[in-house]
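Q: For reference, the structure I am asking about is given below.
The values are calculated or read from the model by the stated rules, or taken from the named source; none is laboratory data. What you are looking at is a predicted structure, and each value in this text was computed from that prediction instead of being measured. All Cβ positions, glycine included, derive from the backbone under ideal geometry; neighbour counts span all protein chains shown. The protein model used for the area step is the full one, side chains on, heavy atoms only, and it has no ligands, DNA or RNA in it. Shrake-Rupley method; radii C 1.70, N 1.55, O 1.52, S 1.80 Å.
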Amino acid sequence: MLKAVILIGGPQKGTRFRPLSFEVPKPLFPVAGVPMLQHHIEACSKLPNMKEILLIGFYQPNEEINRFLSCAQQDFKISIRYLQEYAALGTGGGIYHFRDQILSGSPEAFFVMNADVCSEFPLPEMLDFQKEHGDAYSFVILGTTANRKQSLNYGCIVENEQTDEVLHYVEKPSTFVSDIINCGIYLFTPEIFQHIGTVFQKNQQDMLLEEQSNGWHRAEVIRLEQDIFTALAGQGKLYVYKTDRFWSQIKSAGSAIYASRLYLNQYHTTHPERLATNREGGPKTRGKCFIGCFVGKHQCLEFYTSSYW
Ligand code: GTP
């Protein structure tokens, strides 16, 4: 049995997405006509053993989030729950805090995904790759290649080219390390919590020494990238599955337009019903055509359509 966790962050995150995120929480912002998160959920729901999707973040649950959850559950016929962190616990702290919920039902593996990525989500390929690399408990990072300059903005991975093992992991290095970058999509087995737990214990001891009143919270703040992957690299536990399928981050408003384009290009095969059709007496579209709807001075609310003959 499989599960998936989507890290959705919270209102203080995604600052580069302002002012768009003032109107709609960033994870629900429409990309190619549907909320950003729906692309992740759809990809997960296609896996036959996927039993549950957990969204972890520190947004106050609100009507918009609840409405999205109940519609998505119905549309994709899968259990989807939102787990709210009491504060921003980082990309590893949130999953550690809710480990009992993730492990309930005893999944043999679970995906963890950043909400702010756009991808073709090669999840079945990652599952196959995991079976063939390392031992039964190994972890997989989805990687892709970037040019030397771009790579400095991402987590960079040095691999063993024969085995695909991650030998070094450096988050946003100041000088060139590798052109293989972390896509923010991971496949973990439950053993990952032992590694996060070790960091948590160490943080706790350090905090006790400091005698800080908010020590518990600070000990729980754990970053998968800097605190876990860097330590796991070279230990025979962490592998990189490299994809040449489309992938992009959604950090700024401009990158949301780019991500819409990537998904729209795919819609001809995956979702032709979401594309415009030419109707009798209606406007005619020819070739690839993207129509945006702009409201106000800065805001672009949705990108709808593409038609292709
Ligand atoms: P920046 O360049 O600083 O934005 O870093 P980044 O691109 O490495 O992204 P970051 O690590 O901030 O976030 C990656 C994903 O994790 C995004 O989808 C965030 O919404 C999510 N995320 C980040 N911090 C937290 C957190 O404290 N809790 C939860 N649940 N999600 C988080």
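Q: With respect to the cross-link table entries Lys131/Lys242; Lys46/Lys77; Lys3/Lys202, which display a Cα-Cα separation exceeding 21 Å? Mind showing how you got there, number by number?
A: Details: Lys131/Lys242 15 Å; Lys46/Lys77 10 Å; Lys3/Lys202 28 Å.
Pairs exceeding 21 Å: Lys3/Lys202.
Q: May I ask you to evaluate 6.51 cos²θ - 1.76 cosθ + 1.60, the Karplus curve with θ = phi - 60°, for each residue of region 25-41 and list the ³J(HN,Hα) values in order in whole Hz, giving x for glycine and proline?
A: After applying 6.51 cos²θ - 1.76 cosθ + 1.60, I find x, 3, x, 9, 5, x, 10, 6, x, 10, x, 2, 5, 5, 5, 5, 5 Hz.
Q: Placing +1 on the Cβ of each Lys and Arg and -1 on the Cβ of each Asp and Glu in region 32-160, which of Ile95, Gly33, Gly143 has its Cα farthest towards the positive end of the resulting dipole?
A: About the Cα centre, the residue reaching furthest to the positive side is Gly33.
Q: Here's a follow-up. In a shell of Cβ-Cβ distance under 12 Å around Tyr169, excluding Tyr169 itself, what net charge do Lys and Arg (+1) and Asp and Glu (-1) give?
A: Working: positive: Lys172, Arg223, Lys237; negative: Glu159, Glu165, Glu171, Glu225, Asp227.
Surrounding charge for Tyr169 is -2.
Q: Another question about this same structure. What percent does the relative contact order of the chain come to when contacts are Cα pairs within less than 8 Å and at least six residues apart? Could you put the intermediate results ahead of the total?
A: Numbers: 561 pairs, mean separation 67.3, N = 309.
The value is 22 percent.
Q: With each label point set 7 Å from Cα along the Cα-Cβ vector, what nm distance links Gln60 and Gln12?
A: Going from the Gln60 label point to the Gln12 one covers 1.6 nm.
Q: Glu120's amide H: which non-local residues (gap 5+, or another chain) put their own amide H closer than 5 Å, with H modeled 1.01 Å from N in plane and none for Pro or chain starts?
A: Close amide H contacts, sequence-distant or interchain: Phe246.
Q: A further question on this structure: Taking the solvent-accessible surface of protein heavy atoms with a 1.4 Å probe, what is the per residue accessible area of the chain in Å²?
A: Values: 15280 Å² over 309 residues.
Heavy-atom SASA per residue in the chain reads 49 Å².
Q: Report, to the nearest 10°, how far helix 192-210 tilts away from the longest principal axis of the Cα atoms in the chain, using its own Cα long axis and a range of 0 to 90°.
A: Between helix and principal axis, roughly 60 degrees.
Q: Using label points projected 7 Å from each Cα along Cα→Cβ, tell me how many nm separate His271 and Arg99, to one decimal.
A: The two pseudo-label positions are separated by 3.6 nm.
Q: Stretch Glu42-Gln194 to full length: gain in nm at 0.36 nm per residue minus the Cα-Cα span? Write out the running numbers ahead of the final one.
A: Working: separation 152, 0.36 × 152 = 54.72 nm, distance 2.98 nm.
Between Glu42 and Gln194, full extension yields an extra 51.7 nm.
Q: Which of Ser70, Leu123, Ser104 sits closest to the plus end of the dipole of the chain, meaning its Cα is farthest towards the positive end, when Lys and Arg get +1 and Asp and Glu get -1 on the C-beta?
A: The Cα lying farthest towards the positive end belongs to Ser70.
Q: Given R₀ = 35 Å, FRET efficiency for Ala136-Glu161 by Cβ-Cβ distance, to 0.05? Intermediate values should be presented prior to the final figure.
A: Details: r = 23 Å, r/R0 = 0.66.
Approximately 0.90, to the nearest 0.05.
Q: For the chain, which whole-number percentage of the solvent-accessible area (1.4 Å probe, protein heavy atoms only) is attributable to carbon and sulfur atoms?
A: Details: 7680 of 15280 Å².
For the chain, the apolar C and S fraction of the accessible surface comes to 50 percent.
Q: Placing +1 on the Cβ of each Lys and Arg and -1 on the Cβ of each Asp and Glu in the chain, which of Ile53, Thr285, Leu224 has its Cα farthest towards the positive end of the resulting dipole?
A: Thr285
Q: Quick check: pseudo-label points 7 Å beyond the Cα along Cα→Cβ at Leu209 and Phe176, how many nm apart are they?
A: Going by the 7 Å Cα→Cβ label model, 3.9 nm.
Q: Here is a further query. Can you give the Kirkwood hydrodynamic radius for region 149-197, in Å, rounded to one decimal and based on Cα pairs?
A: Working: mean 1/r = 0.0833 Å⁻¹.
It is 12.0 Å.
Q: Ignoring everything but the protein chains, give the 1.4 Å probe accessible area of Cys183 in square angstrom, nearest 10.
A: The accessible area comes out at roughly 0 Å².
Q: Near Asn153, within a Cβ-to-Cβ distance under 13 Å, what is the net charge of the other residues, with Lys and Arg +1 and Asp and Glu -1? Write down the numbers at each step before the final one.
A: Details: positive: Arg16, Arg148, Lys149, Lys172, Lys251; negative: Glu171, Asp179, Glu225.
Within the 13 Å Cβ shell, the charges total +2.
Q: Roughly how many debye, to the nearest 20, is the charge dipole of the chain about its Cα centre, given +1 on each Lys and Arg Cβ, -1 on each Asp and Glu Cβ, and no other charges? Could the numbers behind the result be given before it?
A: Details: 29 positive and 32 negative charges, 255 e Å.
It works out to roughly 1220 debye.
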